[in-house]
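Chemist: Here you go, one structure.
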Amino acid sequence: MKSLEIRKKFFDYFVKHGHEKVASSGLIPAQDPTLLFANAGMNQFKDLFLGNEKRNYTTATTIQKCVRAGGKHNDLDNVGFTKRHLTYFEMMGNFSFGNYFKKEAIPFAWNCLIQEYGLNPQDLYVSVFQEDQEAYDIWKNDVGVAQDHIMRFDERDNFWQMGDTGPCGPCTEIYIDQRTDRSKPPVYEDFDKGRLLEIWNLVFMQYNRQENGELKPLKQTGVDTGMGLERLAGVLQGKDSVFETDLFTPLIAEIERLTGLNYAQQEPNLKAAFHVLCDHIRSSSLIIADGGSPSNEGRGYVLRKIIRRAALFAQKLTDKNIFPELAKKFISELSGVYPELKTNETIIVSLLTNEIEQFAANLIKGQNILETFFKESAQTKIITGEQAFKLYDTYGFPLEVTILVSEEHSFTVDSQGFEEHMNKQRELSGKKMKTAENTFILDETLETEFVGYTHTDITAPIIGFIVNNIEVSNVRDGSDCMIICTKTPFFAATGGQVDDSGWITVNKERMPVNGLTKLNNGKAIGIHVKAQSDMKVGQEAQQQVVMDIRRMTANNHTATHLLQAALIELLGKQVKQSGSVVDPDYLRFDFTYHQNLSPEEIKIVEDRVNDIIRENISVNVFETSYKKAVEENVIAIFGEKYNPECVRVVDVPGFSAELCGGTHVPSTGVIGAFKITEVGALSAGNRRIFAVTGPRAVELMQRNFTAIKTLSQKFKVKPMEVVDAVNRQEELLHAAQLEIRHLKKDLLKAQIPLWETAIEDINEIPFLYLHLNNYDGGELKDIIDALQERVPGFYVAISNTGDTSAFYASLAPKHQKRMDFNAFKKWMQDSAGLRGGGKPGTLQGGGPRIDKNLSDAIKAGMLK
């Protein structure tokens, strides 16, 4: 049975039994910091299991894109060397949210396997959690599975949870017997070693695991099942390895074409390279299609590790960069199932090409360094954490790549030591790992109605306060607290838009709003203030939004939508928002695109946005279902989580339509003007644009006009000729600097003989110390090199310029055994405050201005 038919039968079966067919969520989890990537079918339904969200269905079926290559669920190191480990796989599942439970879920799975896929019941075994008698009885009495085909396992095998916290519960699993000898009943090791292959896992969601490990019963029970498409395809197609199924054979054939190698004729280690490339092209392509890009942090770093691991294995097969070409084949094979692959083909191929070329440049250098480390550590057979970190920090070697190469040489790597160096770097760079947000202890029923779309000055009763993260019923004068009201006009930061500014008045005391915090999963809004009087629950609070700031924020938010639409219009649908800031003073828009924008492209985008502004198109805001919005090509922003039942659409008819909860202008003309101020690269595959609108755009124009007018008067040219005039001045300045440099060189040539006469022998080493002014490091090096050519020795030159000093020192090779140059370097740093580096026998650098003559001190050091 082909994989496409397997997909179809699965969906048809569960839709026939009343399940809502739900599309796979993206691989980048929406607003879930606990996950690097979607790694299970239930990820997108987490809030349904927790009771934090309601939808118009209580049963669902989906085939979810999953990646397990980082964090707790990490299969990366095993991929290629086993028959089934993958970084990317598809999880087929059916779900119940407070609808059916064990009695219905178990027969659903059994009948699907027997009736739809034609498996032999005699080949199937099941396991249950040892304390779950109910599941055992259903299998035995309702389904009719023989008692000797039902196993009881402990929580290591039959208790499932998504992460360290969150929904969890006992599970029951279905296995297919793949033993060649079935004369004896299976034992635990047969299940553990895969001789009986797990094909379906049914999790019965009953609990929510807390950070302290406590299991709290869920408000409603649920069912979460998962069956790997690749694994089921292997069973139904009679293949021992997933890499032999029709999900992978087209990719293996493409690798054969690209390398000229026959897969079947290769040794196991080279077959492993085929497997790695097949798997890694799937995961990396789909991560990029869903908005990811390589970086040195978080998900981007995991993607980088996957790509670079693939590059390393590709070297075993060919010298060519075949990974991007393989991506094209994968896209053509699976874009019918996931159209986002075709939409983003250009950026996928470009990012893969750039990332591998960038890595290839460092790979040879890094491998040479690693070979040196192998020689240095020949006795211990251990690559130290410091060595592994140097490979990562200098040559971009992910730890996994270093481990892989080291294992091939029978070396191990000190992974713990590597992590210690990583943590030190994070602390030094300020990039400490993100910690969980504050946990507020408050009544879960507290809710605030946001009325800020239509009202900006309201009075509403206070229903709670938070002091030191704890809900209280009253606060004292002078307390730092949060006020919670039944209603508020204040917009709390969401989707890139910053908090509103405003005032809140209680007991006739007016207090500035110092910030806003969403509470109770966004159902309530806390208003940060410093109390100006005693306050208690039940009192009225007048809340006023600062309208000038709100209006400028709305200008920038709508302009951000127009900017994205203009970029998509010009560059294509591969443009996706990857981040934004909507501030009253400016907007920042981050988006996926594989190359820099040219000045002409920037102007086209800017002009297009201003055209839409001048058309003064009315902005329509309305609510609809998520499904209808997507069907009408409304843009859903990458990384955002939406309520399937009700989403808010901000529509500029004929040009832009986005899902958005922010504040916007009533018509585009209100924005006034739009000006891009900066365009740059955020990382590989990500670009960033800054822009201003309205009053800030006018202010920028006025400042620029004044500056240009001043320059035109100074240069006595027309405003349009200012740039040419500045360029001419720059050319004249450059010519003058060259002339000065040539004159300096001539002067130096004339002075070298004079300086040569001042050389003295110190401890049988020719020595000269020069203290100069207004020479740079390169000129000091020229002086010292000229002296070394004439009389090889030890020479030090220092030059003061303003508040700083530059220096250059050189010790001729013939004298290096007579003097401890490293001691001199340390002395320069500790005593003179001058730091530098260089090749053996040379030192170049600088530091604070040195006015005293260091000659006697240096000579004294030479005599030690």
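The values are calculated or read from the model by the stated rules, or taken from the named source; none is laboratory data. Keep in mind the model is a prediction, meaning the values are calculated, not measured. Here the Cβ is made from the backbone with ideal geometry for all residues, glycine too, and neighbour counts use every protein chain on show. The area values use the complete protein model at the heavy-atom level, side chains included, leaving out ligands, DNA and RNA. Shrake-Rupley method; radii C 1.70, N 1.55, O 1.52, S 1.80 Å.
Chemist: Given THR402, THR380, THR394, which one is at pLDDT below 90, β-branched (Val, Ile, Thr), open to solvent by 20 Å² or more (accessible area, probe 1.4 Å) and in a helix (DSSP H, G or I)?
Modeler: None of the other options fit; the residue is THR394.
Chemist: Kindly check whether there is at least one residue in region 664-674 that is touching a His at 6+ places or on another chain (Cβ under 6 Å), under 30 Å from GLY452 (Cβ atoms) and part of a loop (DSSP other than H, G, I, E, B).
Modeler: Yes.
Chemist: For region 1-13, what are the residues that are assigned to a helix (DSSP H, G or I) and within 23 Å of VAL242 (Cβ to Cβ)?
Modeler: Once the filter is applied, which keeps residues that are assigned to a helix (DSSP H, G or I) and within 23 Å of VAL242 (Cβ to Cβ), region 1-13 yields SER3, LEU4, GLU5, ILE6, ARG7, LYS8, LYS9, PHE10, PHE11, TYR13.
Chemist: Further question: Output the residues belonging to region 72-115 that are of a type in the set (Ser, Thr, Tyr), within 30 Å of CYS278 (Cα to Cα) and open to solvent by 10 Å² or more (accessible area, probe 1.4 Å).
Modeler: Listed by number, the list holds a single entry, THR82.
Chemist: Take region 232-253 and flag every residue that is more than 22 Å from LYS8 (Cβ to Cβ), outside any helix (DSSP H, G or I) and open to solvent by less than 50 Å² (accessible area, probe 1.4 Å).
Modeler: Selection gives SER241 alone.
Chemist: Hey, among the residues in region 144-177 that are open to solvent by 20 Å² or more (accessible area, probe 1.4 Å) and of a type in the set (Asp, Glu), which one's nearest to the chain's Cα centre (by Cα)?
Modeler: Only one residue tops the list, namely ASP164.
Chemist: Something else about it: Is it fair to say GLY572 is of a type in the set (Gly, Ala, Ser), surrounded by fewer than 20 Cβ atoms within 10 Å (Cβ to Cβ), at pLDDT below 95 and under 30 Å from PHE45 (Cα atoms)?
Modeler: Considered against the rule, which asks whether it is of a type in the set (Gly, Ala, Ser), surrounded by fewer than 20 Cβ atoms within 10 Å (Cβ to Cβ), at pLDDT below 95 and under 30 Å from PHE45 (Cα atoms), GLY572 comes out as no.
Chemist: Turning to a different aspect of this structure: Just name the residue that is farthest from ALA857 (Cα to Cα) out of those in region 741-762 that are open to solvent by less than 80 Å² (accessible area, probe 1.4 Å) and out of contact with any helix residue (DSSP H, G or I) (no Cβ under 9 Å at 6 or more places or on another chain).
Modeler: If we take residues in region 741-762 being open to solvent by less than 80 Å² (accessible area, probe 1.4 Å) and out of contact with any helix residue (DSSP H, G or I) (no Cβ under 9 Å at 6 or more places or on another chain), then ALA750 is farthest from ALA857 (Cα to Cα).
Chemist: Just need a number here: residues in region 485-507 that are of a type in the set (A, V, I, L, M, F, W, C) and more than 34 Å from the chain's Cα centre (by Cα).
Modeler: Residues flagged as of a type in the set (A, V, I, L, M, F, W, C) and more than 34 Å from the chain's Cα centre (by Cα) within region 485-507 amount to 4.
Chemist: Now for a different question. Could you tell me how many of the residues in region 486-496 are at pLDDT below 95 and not in a loop (DSSP other than H, G, I, E, B)?
Modeler: The qualifying residues number 1.
Chemist: Sticking with this one: Kindly state which strands (runs of 3 or more DSSP E) lie completely within region 533-601 and contain at least 1 residues that are hydroxyl-bearing (Ser, Thr, Tyr), under 25 Å from the mean Cα position of the chain (by Cα) and over 30 Å from SER479 (Cβ atoms).
Modeler: In region 533-601, 577-582, 587-592 are the strands (runs of 3 or more DSSP E) which contain 1 or more residues that are hydroxyl-bearing (Ser, Thr, Tyr), under 25 Å from the mean Cα position of the chain (by Cα) and over 30 Å from SER479 (Cβ atoms).
Chemist: Do the conditions hold for ASN468, that is, is it free of Cβ contacts under 8 Å to residues at least 24 places away in the same chain and either over 27 Å from TYR586 (Cβ atoms) or within 30 Å of the chain's Cα centre (by Cα) (or both)?
Modeler: Yes: the conditions hold for ASN468.
Chemist: How many of the residues in region 291-313 are at negative phi and either touching a Lys or Arg at 6+ places or on another chain (Cβ under 8 Å) or among the polar types (S, T, N, Q) (or both)?
Modeler: Residues that pass the stated criteria total 6.
Chemist: Report those helices (runs of 4 or more DSSP H) wholly inside region 33-143 carrying at least 2 residues which are over 37 Å from the mean Cα position of the chain (by Cα) and under 19 Å from PHE159 (Cα atoms).
Modeler: Those helices (runs of 4 or more DSSP H) span 102-111, 133-137.
Chemist: In region 428-439, is there at least one residue being at pLDDT 95 or above and surrounded by fewer than 17 Cβ atoms within 10 Å (Cβ to Cβ)?
Modeler: Among the residues of region 428-439, not one is at pLDDT 95 or above and surrounded by fewer than 17 Cβ atoms within 10 Å (Cβ to Cβ), which makes the answer no.
Chemist: Something else now. Within region 356-377, take every residue that is among the hydrophobic types (A, V, I, L, M, F, W, C) and either in contact with a Gly (Cβ under 8 Å, 6 or more places away or on another chain) or within 24 Å of ILE281 (Cα to Cα) (or both) and give me the one that is surrounded by the most Cβ atoms within 10 Å (Cβ to Cβ).
Modeler: Applying the filter and picking the extreme gives PHE359.
Chemist: Let me ask something else about it. Of all residues in region 451-487, which are surrounded by fewer than 16 Cβ atoms within 10 Å (Cβ to Cβ) and of a type in the set (Phe, Trp, Tyr)?
Modeler: The one that is surrounded by fewer than 16 Cβ atoms within 10 Å (Cβ to Cβ) and of a type in the set (Phe, Trp, Tyr): TYR453.
Chemist: Could you tell me how many of the residues in region 178-222 are open to solvent by 20 Å² or more (accessible area, probe 1.4 Å), of a type in the set (A, V, I, L, M) and within 19 Å of PHE153 (Cβ to Cβ)?
Modeler: The total comes to 2.
Chemist: Using the structure shown, decide if GLY292 is assigned to a loop (DSSP other than H, G, I, E, B), small (Gly, Ala, Ser) and open to solvent by 40 Å² or more (accessible area, probe 1.4 Å).
Modeler: no
Chemist: Which residues, counting only those in region 683-699, are part of a helix (DSSP H, G or I) and either crowded, with 16+ Cβ neighbours inside 10 Å or small (Gly, Ala, Ser) (or both)?
Modeler: Answer for region 683-699, where residues must be part of a helix (DSSP H, G or I) and either crowded, with 16+ Cβ neighbours inside 10 Å or small (Gly, Ala, Ser) (or both): GLY694, PRO695, ARG696, ALA697.
Chemist: Right, next: Among the residues that make up region 729-740, is at least one of them loosely packed, with under 11 Cβ neighbours inside 10 Å, within 42 Å of the chain's Cα centre (by Cα) and of a type outside the set (A, V, I, L, M, F, W, C)?
Modeler: yes
Chemist: Still on this model: Restricting attention to region 100-121, report how many residues are under 25 Å from ASP192 (Cβ atoms) and touching an Asp or Glu at 6+ places or on another chain (Cβ under 8 Å).
Modeler: The total comes to 2.
Chemist: Pairs needed: first member in region 288-311, without any contact (Cβ under 8 Å) to a residue 40 or more places away in the chain; second member anywhere, among the hydrophobic types (A, V, I, L, M, F, W, C) and surrounded by fewer than 21 Cβ atoms within 10 Å (Cβ to Cβ); C-beta distance under 7 Å; at least 6 residues apart or different chains.
Modeler: Listed by first residue and then by second, the contacts come to nothing, as the list is empty.
Chemist: Anything in region 641-682 that is of a type in the set (Ser, Thr, Tyr), open to solvent by 10 Å² or more (accessible area, probe 1.4 Å) and over 30 Å from ASN521 (Cα atoms)? List them, or say none.
Modeler: Within region 641-682, SER667, THR677 qualify.
Chemist: If you go through region 642-652 one residue at a time, do you hit one that is more than 21 Å from ARG551 (Cβ to Cβ), out of contact with any Pro (no Cβ under 7 Å at 6 or more places or on another chain), among the hydrophobic types (A, V, I, L, M, F, W, C) and not in a strand (DSSP E or B)?
Modeler: Yes, because at least one residue in region 642-652 is more than 21 Å from ARG551 (Cβ to Cβ), out of contact with any Pro (no Cβ under 7 Å at 6 or more places or on another chain), among the hydrophobic types (A, V, I, L, M, F, W, C) and not in a strand (DSSP E or B).
Chemist: Within region 306-315, is even one residue in a helix (DSSP H, G or I) and either open to solvent by 60 Å² or more (accessible area, probe 1.4 Å) or modelled with pLDDT of 95 or more (or both)?
Modeler: no
Chemist: Further, regarding this structure: Please enumerate the residues belonging to region 232-283 that are under 20 Å from LEU352 (Cβ atoms) and among the aromatic types (Phe, Trp, Tyr).
Modeler: PHE248, PHE274
Chemist: So, of the residues in region 665-683 that are touching a Gly at 6+ places or on another chain (Cβ under 9 Å) and at pLDDT below 95, which turns out to be nearest to LEU587 (Cα to Cα)?
Modeler: Among those residues, the one meeting the criterion is LEU682.
Chemist: So, in region 575-601, of the ones that are under 26 Å from LEU352 (Cβ atoms) and β-branched (Val, Ile, Thr), which residue ends up surrounded by the most Cβ atoms within 10 Å (Cβ to Cβ)?
Modeler: THR592
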